[in-house]
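This report refers to the structure that appears directly beneath it.
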Amino acid sequence: MTSVVSQVATSSDKAMKEDLSKKFSKKAWIVCLSAALFFFYEFIQMHMFNAINDSLRTAFDVNATELGLLSSTYLWGDVAFLLPAGMLLDRFSTRTILLIALAVCIGGTAGFALTSSLPIAAFFHFLSGCGNAFCFLSCIMLVSRWFEPNRQAFVVGFVVTMAFFGGVVAQTPLALLADWVGWRMALIYDSILGCFFFMLIFWNVRDFPQNYVATT
């Protein structure tokens, strides 16, 4: 008798998990792909120097070594905040962290475009790198909450693909835009794109309901 009751309870739990999975499936994709736009955006900032290298050397009157140091400030920001990003994401809302980090990145990109001072430009590029520390970890957090374990690797692969597509956009498309409107205006447009992504994340990304039980 106990065995029968146990089997019925197990079947009921399984059915409930399947219903919850179907219910949240569409929303899960919207949430995680919206968050992945931040990852896409950060890869544009990471690789933009390839497209505007010569323009930056002229604008800031620097040699190749100095330009390399300027570019490296992005990675310094990324390295400095990776561990703090993990601690903050463990403690606070992923959505809130995403929005703050993206706002910092947008501000860094806009500030970089508007300044003529090399140290200030380095500071703003550092800020963009700080934002990059949060994007992948945030996406992983959301994928782990919104998708069952047997689908998470596929979704993470999709998220990373979106990020690398941002790296592609930072090459020839950004170079063509910079040739057309100038590198400073190209980065202003880049900042506007970031604002658009900010709104999409604001409206679409939600932390996962606490009462959800992922299927196994």
Å² per residue, accessible surface of the stretch 33-86 at 1.4 Å: 46 Å²
Surrounding net charge for A186, when Lys and Arg each add one and Asp and Glu each subtract one, Cβ distance under 14 Å: -2
Cleavage-rule hits (chymotrypsin sites (Phe, Trp or Tyr not before Pro)) in the stretch 56-121: DSSP loop, at most 12 neighbouring Cβ within 10 angstrom: F92
Cα-projected label distance for I192 with W180, points at 7 Å along beta-carbon direction, nm: 1.1 nm
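The values are calculated or read from the model by the stated rules, or taken from the named source; none is laboratory data. Computed from a predicted model, the values in this text were never measured in an experiment. Cβ: placed from backbone, ideal geometry, glycine included. Neighbour counts: every protein chain shown. Note: accessible area is taken over every heavy atom of the protein model, side chains too, but ligands, DNA and RNA are not part of it. Shrake-Rupley method; radii C 1.70, N 1.55, O 1.52, S 1.80 Å.
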